[in-house]
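Data first, discussion second: the structure below is written as structure tokens.
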Amino acid sequence: MGKQPTNKNKGNIVGLFLMVLAAVITIIIAFPVTDGVRKYIKDNTKYIAGTYSAADKGFGGNVRATVVVGDNGIENISFEGKSETPDIGGAAIEKLNDKMKANLDTEFDSVSGATITSSGLKHALKKALLKAQGKEVKGERKPQSADIVVIGAGGAGMSAAIEAAQKGATNVVILEKMPITGGNSVRATGGLNASETQYQKRDGIEDSNELFYQDTMKGGKNLNDPELVRTLVENSASAVDWVNSIGGDLSVVGQFGGASVKRIHRPSDTSAVGPMLVKTLNAKLDELGVPVLLETKATKIFADKDGKITGVEAEDDNGVFVINTKVVVLATGGFGANPQMVAKYAPQLEGFITTNHVGATGDGIEMATELGAGLTDIEQIQTHPTVNPDTATMYTEGVRGNGAILVNDDGKRFVNELDTRDVVSAAIMAQQNGESWLVFDTAVRESLSAIEKYINEGIIVEANSIEELAQKTGVNEANFVATMQEYAAMQAVGKDSEFGRKSMEVPLTKPPYFAGKAKPAVHHTMGGVKINKETQVLKEDGSVIPGFFAAGEVVGGVHGANRLGGNAVTDIVVFGRIAGDSANKYVLDNGGNTERTITAQTEDANFVAKDIKTKLKDGSYKGSAKGFGGDIEVTFTVKKGIVNDLEISGPKETTEIGGKAINKIKKGMQKSGKFEVDNVSGASVTSKGITDAINNAKLQ
Ligand SMILES: Cc1cc2nc3c(=O)[nH]c(=O)nc-3n(C[C@H](O)[C@H](O)[C@H](O)COP(=O)(O)OP(=O)(O)OC[C@H]3O[C@@H](n4cnc5c(N)ncnc54)[C@H](O)[C@@H]3O)c2cc1C
């Protein structure tokens, strides 16, 4: 017989039982398991409900951990690392995310082969957990706050910020990832389409919002969102007036492809529309005191559990920081410079060159879809028909609009040059090598100052006769001469009996003659985030994401399957302004305006660079070269292999582009200590001018 338990033993057994029970209950409470999946973590740590995210260094860039705390404690932990090598760090992140879904835990083992990524994730998770407990994270910058955060300082973002400030918003900030403002907007050459404007009336042009609507729908193959197109055309005339009211110049009206009448509005000096617009918007932002944080990339937008916007995470030279805000205006532009995204949505365009600035990488689309935003027409990508294949310089449609024609290597025309971009692009792709020649004469050159830029770039062949032009370009001479004669004859009677071109401005008979190689390139991404006419971002099911607005090329639906030349500038001003107005109203309805606390660092125009190493002999150096607006001059002295007084001046460079690029280049050299010019994207002509001027100085 076994021993009967004594009272003491009984007590021990009961105690042991209670301890085991307590442990089991603790485990069950802390790590509840449902159907083999641990749903949430609730232990003694006090977490505050909300979503907390933190980043740390991974292998390719920053990796991030996000912790969601709900009523039940920690409800979700997830990891991201967009810059990690897909097969290694990326795969590890996927594995850990799967692991968390199956077995939610605040700790995890490193994934073998991806230890750097794993270590970054561990640090990021630690920080996110500290934040979830309301604790300060060492080394992490204090969150800032703003009423409205505009992401992207292109035409749409800047118009939105100005409109909001004009309507009374007091705490607006713009984040711009590039060193200069302007994005693709500064590249816009042609102009802004608008109907029923005072300038059309002045010139006796009969146009209507209805005709503009019909042209836009036809151009977009009726894929466009009719409500957005109505909004576009009905606000187009006031967009022209608004740009002019803040110091812009859109007073000349011209003809462009796809428009039934003259509708494109341009600066009176025939200069490109983009630089004028960006300069005007920059000046207005300055006047209104709206801070633009340059080289500050938005990386994530946060929303609470009800989907309302709560903040933006951004990255600058000093690391990652958060701006708490209830309102975000997404104005990050398109994804024409993201070849992977282009190939994903339009595989037929894989390997195409692009006209876009390097920052057009679709960040906004990624950030918006993370919040559940719907996308529309995302596979609709437009090619621009006439781009130089060697330099990716786009010849504006104005060149054709003002009279230029296209010929193939056989010396023959092959399309109505003023047809829509998709038609002209397809026609060029069908020629030998998928290339063509853009041919014009001195009359066309004199009508458009943009042409000087192409000539200065050295991408235009010039000849005193048609025969000489044929020899220099290698096109079939006899055919080319015949083509030019036939064209002049058709122009004289005002009828293109070959291809039905409506507007033939000049006979192309004024020497010298010019030709530039041209082929299609990725130009505009028509698809993007779904919005309504108030620019509220919509989910796939049509519901609104509160506090989230979007405008410009990041949005889909305005242009359908094909954007008409001149309609994007209308789009960014019209919908940018609406976004600013909507954002301001949202702020007023949700707590009202607060005082601005964020300030932008201002550029020191007189910055002199020092501590730059060189192998040049001691002495004073001076050199100059052609920039964008005029000559750029460089001066410096070398003492014992060091430059301490590098000055670069380009008084005719645009302040907001070339001027900022000059400062950026000087600062870059001082930072690296190397006498090498880092090309500033968006200011390549100024950058090249500086390089040439330095090289000229070194030659002396
Ligand atoms: C060469 C060229 C010529 C053109 N000519 C014309 C024309 O004549 N007429 C016309 O109607 N349209 C034209 N277009 C199209 C038109 O310029 C663009 O569609 C339009 O300007 C886009 O404006 P946006 O403000 O939406 O984007 P953008 O002007 O591209 O601005 C977006 C900004 O957001 C920034 N950004 C992106 N991601 C982030 C991030 N994560 N954080 C912070 N900032 C970010 C970018 O750096 C950029 O500065 C042209 C386009 C090109 C490329």
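Observations
- Counting 0.36 nm for each residue step from Ala443 to Asn103 and taking away their Cα separation leaves a gain of 115.1 nm.
- For the range 506-534, the residues whose amide N sits under 13 Å from a probe point set 7 Å from the Cα of Glu468 along the beta carbon direction are 511-515.
- Virtual paramagnetic centre 7 Å along Cα→Cβ of Asn590, amide N under 20 Å, in the range 315-329: 322-329
- In percent, rounded to a whole number, the relative contact order of the range 384-522 is 39, using alpha-carbon pairs under 8 Å and six or more apart.
- In this simple spin-label model, placing a label point 7 Å from the Cα along the Cα-to-Cβ direction at both Ala426 and Ser620 gives a separation of 6.5 nm.
- The residues of the chain present an accessible area of 44 Å² per residue when probed at 1.4 Å with all protein chains retained.
- Rounded to the nearest 10 degrees, the angle from helix 477-493 to the longest Cα principal axis of the chain is 80 degrees.
- Legend: calculated FRET efficiency, Lys667 to Thr599, from the Cβ-Cβ distance at R0 = 22 Å, rounded to 0.05, equals 0.70.
- Annotation: peptides 615-623, 258-266, ranked by per-residue average of other Cβ atoms within 10 Å with the highest first, follow the order 258-266, 615-623.
- Measuring with a 1.4 angstrom probe and ignoring ligands and nucleic acids, Tyr52 comes out at about 40 Å² accessible.
- Between Lys674 and Ala492, the modelled labels are 6.1 nm apart [label points 7 Å from Cα along Cα→Cβ].
- Here the chain exposes an accessible surface that is 51 percent carbon and sulfur, computed with a 1.4 Å probe and the other protein chains kept in place.
- The spread of Cα positions in the chain, taken along each principal axis and listed from longest to shortest, comes to 124, 69, 50 Å.
- Alpha-carbon centroid distance for the pair the range 372-425 / the range 319-360, whole angstrom: 21 Å
- Largest-first ellipsoid semi-axes for the range 251-312, taking √(5λ) over the Cα gyration tensor eigenvalues, angstrom: 37, 19, 10
- Protection proxy ranking, peptides 419-427, 496-504, average beta carbon neighbours within 10 Å, highest first: 419-427, 496-504
- Percentage of interatomic Cα-Cα distances in the range 612-699 larger than 23 Å: 14 percent
- Rounded to the nearest 20, the Cβ-based charge dipole of the chain about its Cα centre (Lys and Arg +1, Asp and Glu -1) stands at 2620 debye.
- Sum of side-chain charges, Ala156 neighbourhood, beta-carbon under 10 Å (Lys, Arg +1; Asp, Glu -1): -1
- Ranking by accessible area, most exposed first, for Thr45, Thr509, Thr599, Thr355 with a 1.4 Å probe: Thr599, Thr509, Thr45, Thr355
- Residues Lys610 and Lys126, FRET efficiency given R0 of 45 Å [Cβ-Cβ distance, rounded to 0.05]: 0.65
- Chain lengthening between Asn433 and Leu699 when straightened (0.36 nm per residue, less Cα-Cα): 91.7 nm
- Rounded, prolate or oblate (a/c below 1.5 giving rounded, otherwise prolate when a/b exceeds b/c) for the range 38-132 by Cα gyration tensor: prolate
- Charge dipole of the chain about the Cα centre (unit charges at C-beta), most positive-ward option of Val137, Thr386, Asn456: Val137
- In this calculation the C-beta distance from Gln214 to Phe499 is compared with R0 = 25 Å, giving a FRET efficiency of 0.65.
The values are calculated or read from the model by the stated rules, or taken from the named source; none is laboratory data. Computed from a predicted model, the values in this text were never measured in an experiment. Note: ideal-geometry Cβ built from the backbone for every residue, glycine included; neighbour counts use all protein chains shown. Areas reflect the complete protein model, heavy atoms only, side chains present, ligands, DNA and RNA absent. Shrake-Rupley method; radii C 1.70, N 1.55, O 1.52, S 1.80 Å.
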